[in-house]
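S.K.: Okay, handing you the structure first.
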Amino acid sequence: MPRPWRPMIAAKCCTVDDGQVAVIGNLSRCRPTRSEFSKKVAELTSFRRLMSPSAELSSSSSARFNEDLSAAAAAGYGIGAGLYAFQLCELRAITHDFSSNYLLGEGGFGTVHKGYIDEKMRPGLKAQAVAVKLLDIEGLQGHREWLAEVILLGQFRHPHLVKLIGYCCEDEERLLVYEFMPRGSLENHLFRRISTALSWGTRLKIAVGAAKGLAFLHGAEKPVIYRDFKTSNILLDSDFTAKLSDFGLAKMGPEGEDTHVTTRVMGTHGYAAPEYVMTGHLTTRSDVYGYGVVLLELLTGRRAMDKSRGKSEEKLVDWARPYLTSSRKLRCIMDPKLAGHYSVKGAREVASLALQCISPTPKDRPRMSAVIDTLQGLQHLKDMAVSVGAWPTTPIVGRNAISAKSKMEGAANGRRRVSASAKLG
């Protein structure tokens, strides 16, 4: 018999800031009302490439869902043979009717609940914990985005993409069943006070894993632009292996001689590439920009957007950019939680890489394959900042940090003078 599990009770992640809904930490898209959603649903283009011109999406019946899948198959996109079609009553049972005690998180898409599947539910399906996403059809991600996840994750399998186990489509209900990721999101580990600080080695491992996930999508036969790369969409398994999740906004990349896809701007403020925000032009390099922002979050322990800080420090990219060009300046913005336990050379290389990724010019940003090569070469560096006197042994911030740094440098200079005098004597 499998070991019994206890529900992971999480505080609701949805917060309100300046009258806007911020979903799972820092999602800045506002949730539309039903009337607004109804007016705009026909205009959505985020997954139109998967549909034949005559296929009009519906959110009201399973029969229409089958038609949508047939249309997608005719366009060359299948949902994969490994997905299970679950009944709503089955998913209600394994989540205790979507009990709040089993809530893992919630956002514009709806809620995510933990459940447990036993080996008797489906032939060939092993007993395991799962995460069940119950989509809010009136919310940010409706039928079209739900269908995007079913098709994309149904056909793609990769160690750094979260595994989609199955789906449910009954009347108005849209649900997705994923593998359960026991360590939650990277966002929670970086920004929640209750979390133990991530070590430098773990941060590099996560950065490499997330880069491999993006590289796989970009290198697919029909390239996929993820479009919503951020810390809350990077999930971690028990070994801190990073896996990308939430593909509702993913879009097929340019085809033929096209250099970009023009689309309605969607995503998260602070992570979206400037050219995409300004023009709607979307390429795989747009994802690279978002990846660079996440690298900055891993370095600094700060959010991509933080309105609680002063205007000059509100947007991480603008605040951090001047500090990324030298090791001396970089020390001033490194995450205090690291307490100096990071590679000086490694941090400098990561900062340089982040600076390339957030370049205002898309063509100057590196490909994800080059990002992986750079990061993998940094994983075994042992030149810790605390061991070379470049960082205090305990986290110090603000003016105290500057004072402590001055004292450390003064003490080091004093020791050198004493040593020189002794030799002369």
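The values are calculated or read from the model by the stated rules, or taken from the named source; none is laboratory data. Only a predicted model underlies this, so the values are computations on that prediction, with no experimental measurement involved. Backbone-built Cβ (ideal geometry, glycine too); neighbour counts: all protein chains shown.
S.K.: Return yes or no: is residue 166 in a helix (DSSP H, G or I), over 16 Å from the mean Cα position of the chain (by Cα) and over 19 Å from residue 291 (Cβ atoms)?
M.R.: no
S.K.: So residue 282 passes all but one of these: (1) without any contact (Cβ under 8 Å) to a residue 60 or more places away in the chain; (2) surrounded by 24 or more Cβ atoms within 10 Å (Cβ to Cβ); (3) over 22 Å from residue 359 (Cβ atoms). Which condition number does it fail?
M.R.: It is condition (3) that residue 282 fails.
S.K.: Only one of 185, 232, 199 is surrounded by fewer than 20 Cβ atoms within 10 Å (Cβ to Cβ), under 27 Å from residue 342 (Cβ atoms) and touching a residue at least 24 places away in the same chain (Cβ under 8 Å); which?
M.R.: The match here is 199.
S.K.: If you don't mind, there's one more thing I want to ask. Go through (1) at positive phi; (2) modelled with pLDDT of 95 or more and name the single condition residue 235 misses.
M.R.: Only one criterion in (1) at positive phi; (2) modelled with pLDDT of 95 or more is unmet by residue 235, namely (1).
S.K.: Of the residues 297, 313, which is over 15 Å from residue 230 (Cβ atoms) and not β-branched (Val, Ile, Thr)?
M.R.: 313
S.K.: Being surrounded by 15 or more Cβ atoms within 10 Å (Cβ to Cβ), closer than 24 Å to residue 193 by Cα and touching a strand residue (DSSP E or B) at 6+ places or on another chain (Cβ under 8 Å): is that true of residue 301 here?
M.R.: Judged against the criteria, residue 301 is not a match.
S.K.: Same structure, new question: Within region 325-360, count every residue that is closer than 18 Å to residue 287 by Cα and surrounded by fewer than 16 Cβ atoms within 10 Å (Cβ to Cβ).
M.R.: 2
S.K.: Same structure, new question: For the structure I just gave you, tell me whether residue 220 is of a type in the set (A, V, I, L, M), over 19 Å from the mean Cα position of the chain (by Cα), part of a loop (DSSP other than H, G, I, E, B) and not assigned by TED's automatic domain parsing to the domain that holds residue 149.
M.R.: Yes; evaluated as a whole, the condition is true for this residue.
S.K.: Sort out which residues of region 294-318 are in a loop (DSSP other than H, G, I, E, B) and either at negative phi or not assigned by TED's automatic domain parsing to the domain that holds residue 264 (or both), and write them in order of number.
M.R.: Those that are in a loop (DSSP other than H, G, I, E, B) and either at negative phi or not assigned by TED's automatic domain parsing to the domain that holds residue 264 (or both): 302, 303, 304, 306, 307, 308, 309, 310, 314.
S.K.: Just one of 128, 87 is touching a strand residue (DSSP E or B) at 6+ places or on another chain (Cβ under 7 Å), more than 30 Å from residue 209 (Cα to Cα) and surrounded by fewer than 18 Cβ atoms within 10 Å (Cβ to Cβ); which is it?
M.R.: Only one candidate passes the filter, namely 87.
S.K.: So residue 146 ticks every box in (1) within 15 Å of residue 172 (Cβ to Cβ); (2) at pLDDT 80 or above; (3) touching a helix residue (DSSP H, G or I) at 6+ places or on another chain (Cβ under 6 Å) but one. Which box is left unticked?
M.R.: (3)
Residue-wise test of (1) assigned to a helix (DSSP H, G or I); (2) out of contact with any Asp or Glu (no Cβ under 6 Å at 6 or more places or on another chain); (3) more than 30 Å from residue 130 (Cβ to Cβ); (4) touching a residue at least 60 places away in the same chain (Cβ under 8 Å).
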| residue | (1), (2), (3), (4) |
| --- | --- |
| 240 | no, yes, no, no |
| 248 | no, no, no, yes |
| 258 | no, yes, yes, no |
| 277 | yes, yes, yes, no |
| 286 | yes, yes, yes, yes |
| 289 | yes, yes, yes, yes |
| 292 | yes, yes, yes, yes |
| 322 | yes, yes, yes, no |
| 340 | no, yes, yes, no |
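S.K.: Moving to a separate point now. Quick check on region 175-188. Is at least one of its residues closer than 18 Å to residue 228 by Cα and of a type in the set (A, V, I, L, M, F, W, C)?
M.R.: Within region 175-188, one or more residues are closer than 18 Å to residue 228 by Cα and of a type in the set (A, V, I, L, M, F, W, C).
S.K.: If you don't mind, there's one more thing I want to ask. I need a count of the residues in region 205-242 that are over 16 Å from residue 163 (Cβ atoms) and of a type outside the set (Gly, Ala, Ser).
M.R.: 17
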